[in-house]
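Below you'll find the structure, written out as structure tokens, and then a few comments.
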Amino acid sequence: MKTIVITGSRKGIGKALAEHYLKDGWRVAGCSRDDASIEHSHYFHFSLDVSDEDAVIAMAHKIKTDFGRVNALLNNAGIASMNHALLTPAKTVNQILQTNVVGTFIFCREMAKLMRSTDNARIVNFTTIAHPLNLEGEAIYAASKAAVESLTRILSRELAALKITVNAVGPTPIDTDLIRGVPEDKMKALLSRQSIQRMGKVTDVINAIDFYLSEKSDFITGQVLYLGGVS
Amino acid sequence: MSEKKVIEALIIDLVKLLAEDFQIDSLINPDATTLLYGIDGPLDSMALVNLIADIEDAISEKFSVSISLADEKAMSAHHSPYRSVTSLADAVLERMPS
């Protein structure tokens, strides 16, 4: 049985991804700060902060002991803060960078070690269309995801020798907790900048990730795929 | 056998396997003094990455503890802990719970 690690699997896109891959026959190791929201015989939850290095190392150790290796990693966990730059405290900046950048990096590093003996290992990181669209009010969120994109491209080179592909997917707004609270007029203005002007669906994200995870995608690495026709 | 000797022996076995995988002739018969990385060390960065991960795995399996050899202490050390078999063994010992 193949093992996939999904961060931020308690709710939203992460939970939907976990349920999708469980249904698809994968063993899923998920994590979030809180307790599990999924009950399944092949789902294993770790309650941790993704930027807590010791906790992630311990999670990797447990996965190695129990399952031997990891076939895929989805770095879905992320936090956003929609606020004008002049109203954004440094504490918020640090929190976003810790979760979105440091957390993504630590998971890539630790899980890549468990992917060394597998064929067709895959890492998929999460970015956002807020970065290419240079969305006002999302300076730190977009900047953190720009870092994730750079990390993705460089790791794709560093991990190629280990036969691990590293790619990223950039969803449009999807109706999850992450965007709840964004005013309707702002959301309309954002959607108008997409080629296909609708809210994204979780199935759109799953489709892109299925593509990256496919064995046939072993020649695709270092790529960033934005949904909705954003470039 | 002292704990350090046990760990050196474990590292030597892993270096031999790595030498075969990466076809590094100078590491086919390593001993505790064998240089690995840095000046006069034959490992490139990718081979070092593999060795470090192999050592962390082996320590985890043998002693049921998880250690990270690529930590801040290693990065800021005056002498790299990766330079030889014996320095790696010291680095492992330093990171093992007492």
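Laboratory data are not the source of any read-out in this text; all were calculated from the coordinates shown. Computed from a predicted model, the values in this text were never measured in an experiment. Note: ideal-geometry Cβ built from the backbone for every residue, glycine included; neighbour counts use all protein chains shown.
Some values worked out for this structure:
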{"read-out": "Separation of alpha-carbon centers, the stretch A:7-54 and the stretch B:44-98, rounded to whole Å", "value": "30"}
{"read-out": "Taking all pairs of distinct alpha-carbon atoms in the protein assembly as shown, Kirkwood radius in angstrom", "value": "21.2"}
{"read-out": "Gained length - A:Leu191 relative to A:Ser217, 0.36 nm times residue gap less alpha-carbon distance", "value": "6.4 nm"}
{"read-out": "Nearest 10 degrees, 0 to 90: helix B:3-22 Cα axis against chain B principal axis", "value": "40"}
{"read-out": "Rounded FRET efficiency, nearest 0.05, which uses the C-beta distance separating A:Asn94 from B:Glu94 and R0 of 51 Å", "value": "0.95"}
{"read-out": "A:Ala55-B:Ile39 pseudo-label distance in nm [points 7 Å out on the Cα-to-Cβ vector]", "value": "4.3"}
{"read-out": "Cβ-placed point charges (K, R +1; D, E -1), dipole of the stretch B:3-95 about Cα centre in debye, nearest 20", "value": "240"}
{"read-out": "Which of A:Ala142, A:Val230, A:Ile179, positive extreme of dipole for chain A (C-beta unit charges)", "value": "A:Val230"}
{"read-out": "A:Asp175 paired with A:Asp35, simple spin-label distance in nm, labels 7 Å along Cα-to-beta-carbon", "value": "2.9"}
